[in-house]
Amino acid sequence: MAVTEEAQLPLTDPVRLGWMLDETGEVYGAVGPNARLRLAARVTGIGPAAVDPATGHPFARLLATPAQAASLLGWGPPGARQARLAAETARERWGLPTARPTTIDKVSPEGMRLS
């Protein structure tokens, strides 16, 4: 998955949540309208930070709840719905507790171990 390449997050058991229309493709150099697929998946590790091949820049990686991520990324009402669906999927499919809003932490460039 691209997230492994871009954010060094190996994933397992992905679930499709939906998609979001990006009218301008601004984050990709204003390439024009495109759709971005949204997935929920279990993160199995967090590796060292790497340069994003699409932009040539490394991105800060933050630990946040799905709702906090949707808000930070400015995904609006469609993103808020997908964040709720991600939390429901985590609870129902993987038996994980519902994430409560918390302090958003930055992941070290070296990565981190997951318990």
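FYI, it's all coordinate maths here, none of it is from the lab. These numbers were taken from a predicted model, which means no experiment stands behind them.
Would the chain count as rounded, prolate or oblate if I go by the C-alpha gyration tensor, calling it rounded below 1.5 in a/c and otherwise prolate when a/b exceeds b/c, oblate otherwise? Working shown, then result.
Details: a/c = 1.62, a/b = 1.11, b/c = 1.46.
Oblate shape, in that a/c is at least 1.5 and b/c is the bigger or equal ratio.
Report the residue, chosen from Leu72, Leu39, Leu11, that carries the largest GNM mean-square fluctuation when the chain is represented by alpha-carbon nodes joined by springs under 10 Å.
Its mean-square fluctuation being the largest, the pick is Leu72.
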